[in-house]
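A short reminder: the numbers here are calculations on the coordinates, not readings from a lab. Quantities reported herein were computed from a predicted structural model and do not represent experimental measurements. All Cβ positions, glycine included, derive from the backbone under ideal geometry; neighbour counts span all protein chains shown.
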Amino acid sequence: MKIFVAGSTGAIGRLLLPKLVQAGHKVIGMTHNKSNKDAIQQMGARAIIADAFDRERMISAIGEVQPEVVIHQLTSLSNWNLADNARIRIEGTRNLVDAMLAAGVTRIIAQSISWAYEPGKMPASEDVSMDVGSPMPRKSTIDGVIALEQAVAEIPHHVILRYGMLYGQGTWYDHKGMMAEKVLHKGVEATEGVTSFLHVEDAAAAALLALDWPSGPVNIVDDEPAAGVDWLPVYANALKAPKPEFKPGRNRGERGASNALARKVYGWVPLYPTWRSGFAQDLNPDNYS
């Protein structure tokens, strides 16, 4: 298939492109940064320069390529700017979907998140509602996610990947990432809030497999939703950071998510089924490149 990947040089995109090429697809990687062109081409894909916020350029790019499938991996997370990321979910997705509609492209796979569900005691399945009543600043994230998913659902065949909290190379939880820096300086407290994690390699693998999945949302998370009191000490220990301090309670929506649909129905098998082994392997200094 001819596949257009928006966000092709991000943490997931740079792992996804080679997987798509190896699977025999004709891949076009979009980037707004001209300096990424060579990297895209070295992965065996064609590079196209376009800014997701430039509506006319998006329409011309999709119209020129005429892909069979678009994979939406657009984010703006490198500087921990949640407002920028909400904007790209809203405006960037709108431009991408409108470009697809104009070109008659009928299939999309899109990145979403698994921590936008309404509060609850158990890990959320895909039929749980989004947290529409959330206060600021969480509301800006929820509004962005809802806008993204509603826009993507305008495409006849749409798979929405609700990813867990990403860790691995190029993420906040990388050994050089912003979360690692905070933990090393005791800037993160261990709470009772539950997080579902996902290794970035498993995120990329799921996007490839989703080419054969039916329309709808699907949680892509590991097997072990975990409270901060459980995962944070393990993460800190792997970093050789000080032991985190405990803070009782949890933030709104910190309930984790269930991967039963992806696992039992779609047959997705994560390479890293738990953050316990994933942290240990990823943060081992012998594995740093």
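Note on K176: aspartates and glutamates with a C-alpha under 16 Å away, same-chain residues under 8 apart excluded, are D282, D286. Between the C-alpha center of the stretch 89-144 and that of the stretch 250-289 there is a gap of 21 Å. A simple spin-label model places the labels of H157 and V21 2.5 nm from each other, with each point 7 Å out along Cα-to-Cβ. Multiplying the residue separation of H185 and D127 by 0.36 nm and removing their Cα-Cα distance gives an extension gain of 17.0 nm.
Packing here is the average count of other Cβ atoms within 10 Å per residue, and on that basis the peptides 223-232, 185-194, 240-249, highest first, run 223-232, 185-194, 240-249. Across the stretch 1-113, the relative contact order, built from alpha-carbon pairs under 8 Å that are at least six residues apart, equals 28 percent. For K26, the residues whose amide H sits under 5 Å from its own are K2, I3, ignoring neighbours fewer than 5 places away on the same chain, with H placed 1.01 Å from N.
Projected over every direction and averaged, the convex hull enclosing the alpha-carbon atoms of the chain yields 14.2 nm². You can think of it this way: the chain between Q150 and Q281 has 43.5 nm of extra reach, that is 0.36 nm per residue less the Cα-Cα gap. With respect to the chain, whose longest principal axis is taken over its alpha-carbon atoms, helix 93-103 is tilted by about 30°. What residues from the stretch 79-121 fall in the zone where the backbone N is under 13 Å from a label point 7 Å along the Cα-to-C-beta line of R138? Those under the cut-off are 115-121. Of all DSSP bridge pairs formed entirely within the chain, close to 10 percent run antiparallel.
Placing dummy labels 7 Å off each Cα toward the beta-carbon, the span from N33 to D98 is 2.6 nm.
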